[in-house]
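Heads up: the structure comes next, in structure tokens.
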Amino acid sequence: MQVDFIDKRNWDQFHSPRNVLLALVGEVGELAEIFQWKGEVTEGLPELTEKERDHVGQEMSDVLLYLVDLANKCHVDLPSAVLAKMEQNGRKYPLDKAYGRADKYTDL
Ligand SMILES: Nc1ccn([C@H]2C[C@H](O)[C@@H](COP(=O)(O)OP(=O)(O)OP(=O)(O)O)O2)c(=O)n1
């Protein structure tokens, strides 16, 4: 879908890995900006307005779209990489050591 969007606009020439990474970081910044100076917010974001919550979804979408684009440009199979990473996380943070603790695995 994103590949088709880019192809139809003849934008592939601009979407080098570096450029897409910079675009991704920019969108993460835009997402962070919504939370900026607000103080702590809780699950479901009841402290934000409806418009702000909608904006959060939009910026998250931009981040995801650029991340998927970046994975393609880097020839990373993202679904496989995510599954492998989750397995690695499970090994680094075994239940018996990590349960109820937020410490880094090196400090468990
Ligand atoms: N060269 C580009 C420009 C845009 N997009 C797509 C990916 C993002 O989903 C979205 C980003 O568009 P904008 O740069 O206009 O950013 P915003 O949508 O965040 O707009 P604004 O900066 O006004 O909030 O469009 C893209 O793939 N390649």
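Please treat every number below as a calculation from the coordinates, not as lab data. Bear in mind that the values here come from a model prediction, so they are computed numbers and not experimental data. No Cβ is skipped: glycine too gets one built from the backbone with ideal geometry, and neighbour counts run over all protein chains shown.
Limited to the range 1-32, what total is found for residues that are among the charged types (D, E, K, R) and within 15 Å of the chain's Cα centre (by Cα)?
Number of matching residues: 2.
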Taking interchain pairs and intrachain pairs at least six residues apart, which have beta carbon atoms under 8 angstrom, with the first residue in the range 55-68 and in contact (Cβ under 8 Å) with a residue 12 or more places away in the chain and the second near the ligand (Cβ under 10 Å from one of its atoms) and among the β-branched types (Val, Ile, Thr)?
Tyr66/Val20
Could you pull out the residue among Val56, Val68, Val28, Val20 that is within 26 Å of Tyr105 (Cβ to Cβ) and of a type in the set (A, V, I, L, M)?
Val28
